[in-house]
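The values are calculated or read from the model by the stated rules, or taken from the named source; none is laboratory data. Note that the structure is a prediction, hence the values are computed from the model and not measured. Don't worry about glycine lacking a Cβ; one is built from the backbone with ideal geometry, like all the others, and counts go over all protein chains shown.
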Ligand code: ATR
């Protein structure tokens, strides 16, 4: 008897996760047979829940807020990009029974920006708002694209400065507070604060975005986020949310687990049309 390969996303809260839908669409499209469920797992139950999942034959897990750092500690070994980001969103059972930890968030963002939206990062001025886990995961992949400058601005200035210091050997990156953004301009502004979902925005000077610049909110919602609206109000050439990044990071996880790369555009298109409906 062959059992269907099982996958899941763990998080807290997890009810509104789009991951089961995305992975089922990928499976259908690529002709793969698998199950993918969403499981509510509070941080204190993380280790026991992951151990039980793999002990019962599970093949791979996605981990989301607030479990990515715990998943990083749990993994027996990690990819270089996961090691740098100190967070893991994908756990994969290996043939020898060990658990590999990877982080596909950074590549998910880059694929969405560069492939889906034709944004070139090399030589441009990039600003990241926020210095938490979401920022940490995208710094190294962005620096690999050789931007002219990368600035991390945060409410708690010290955190931005420390985070930038950690990556200084990978390229030109500095940390600062929001007040230091006066009289500066950027070609790409990424919002990696957790403020956007609650409708809040960091204090941003009106002329922060260069002419023809792009805004990208790592968060997404059925309605435009506060930051997407800020971009629209400040003449962004494109003001995007993180739905594309979500689908792209999922595609990368799917590839790690199944060795098959699903087409992402039809899935992004479908989810976009569903939220507009
Ligand atoms: P995540 O893992 O999603 O990045 P986090 O590690 O808690 O979550 O980080 C949240 C980020 O959003 C932080 O940079 C936080 O700023 P502080 O470091 O000063 O706390 C930022 N943030 C949250 N609410 C904010 C708000 N209302 N205005 C500006 N920044 C905010």
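Against the list (1) within 16 Å of the ligand (Cβ to nearest atom); (2) surrounded by 19 or more Cβ atoms within 10 Å (Cβ to Cβ); (3) assigned to a helix (DSSP H, G or I), the condition residue 128 fails is (3). Taken together, the residues in the range 1-23 that are in contact with a helix residue (DSSP H, G or I) (Cβ under 9 Å, 6 or more places away or on another chain) and part of a loop (DSSP other than H, G, I, E, B) amount to 2. Please work out if residue 163 is crowded, with 22+ Cβ neighbours inside 10 Å, within 14 Å of the ligand (Cβ to nearest atom) and either in contact (Cβ under 8 Å) with a residue 60 or more places away in the chain or within 21 Å of residue 103 (Cα to Cα) (or both). For residue 163, the condition - crowded, with 22+ Cβ neighbours inside 10 Å, within 14 Å of the ligand (Cβ to nearest atom) and either in contact (Cβ under 8 Å) with a residue 60 or more places away in the chain or within 21 Å of residue 103 (Cα to Cα) (or both) - is not met. Within the group 26, 53, which residue is in a helix (DSSP H, G or I) and farther than 18 Å from residue 252 by Cβ? None of the other options fit; the residue is 53.
Here the condition is being within 16 Å of the ligand (Cβ to nearest atom) and not in a loop (DSSP other than H, G, I, E, B); of 188, 197, 113, it holds for 197 alone.
If the condition is being farther than 21 Å from residue 138 by Cβ and either away from the ligand (no atom under 14 Å from the Cβ) or touching a residue at least 60 places away in the same chain (Cβ under 8 Å) (or both), then the range 200-217 contributes 205, 206, 207, 211, 212.
Residues in the range 74-89 that are within 15 Å of the ligand (Cβ to nearest atom) and under 29 Å from residue 3 (Cα atoms): 88, 89.
Does residue 118 qualify as being more than 16 Å from the ligand (Cβ to nearest atom), modelled with pLDDT of 95 or more and part of a loop (DSSP other than H, G, I, E, B)? Yes: the conditions hold for residue 118.
Could you look through the range 166-185, keep only residues that are part of a helix (DSSP H, G or I) and surrounded by fewer than 14 Cβ atoms within 10 Å (Cβ to Cβ), and pick out the one that is farthest from the ligand (Cβ to nearest atom)? Going through the qualifying residues, I end up with 169. In the condition set (1) within 23 Å of residue 65 (Cα to Cα); (2) not in a helix (DSSP H, G or I), residue 251 is compliant with all but (2). Scanning the range 131-159 for residues that are more than 17 Å from residue 108 (Cβ to Cβ), near the ligand (Cβ under 8 Å from one of its atoms) and touching a strand residue (DSSP E or B) at 6+ places or on another chain (Cβ under 6 Å) yields a total of 1. Among 68, 59, which is the only one that is within 16 Å of the ligand (Cβ to nearest atom) and in contact with a helix residue (DSSP H, G or I) (Cβ under 8 Å, 6 or more places away or on another chain)? 68 is the lone residue from the list that is within 16 Å of the ligand (Cβ to nearest atom) and in contact with a helix residue (DSSP H, G or I) (Cβ under 8 Å, 6 or more places away or on another chain).
Residue 9: surrounded by 15 or more Cβ atoms within 10 Å (Cβ to Cβ), modelled with pLDDT of 95 or more, within 26 Å of residue 266 (Cβ to Cβ) and outside the structural domain of residue 142 (by TED's automatic domain parsing), yes or no? Yes.
Residue 95 passes every criterion in (1) touching a strand residue (DSSP E or B) at 6+ places or on another chain (Cβ under 8 Å); (2) more than 16 Å from the ligand (Cβ to nearest atom) apart from (1). Residues of the range 219-248 that are within 21 Å of residue 205 (Cα to Cα) and part of a helix (DSSP H, G or I): 226, 227, 228, 229, 230, 231, 232, 233.
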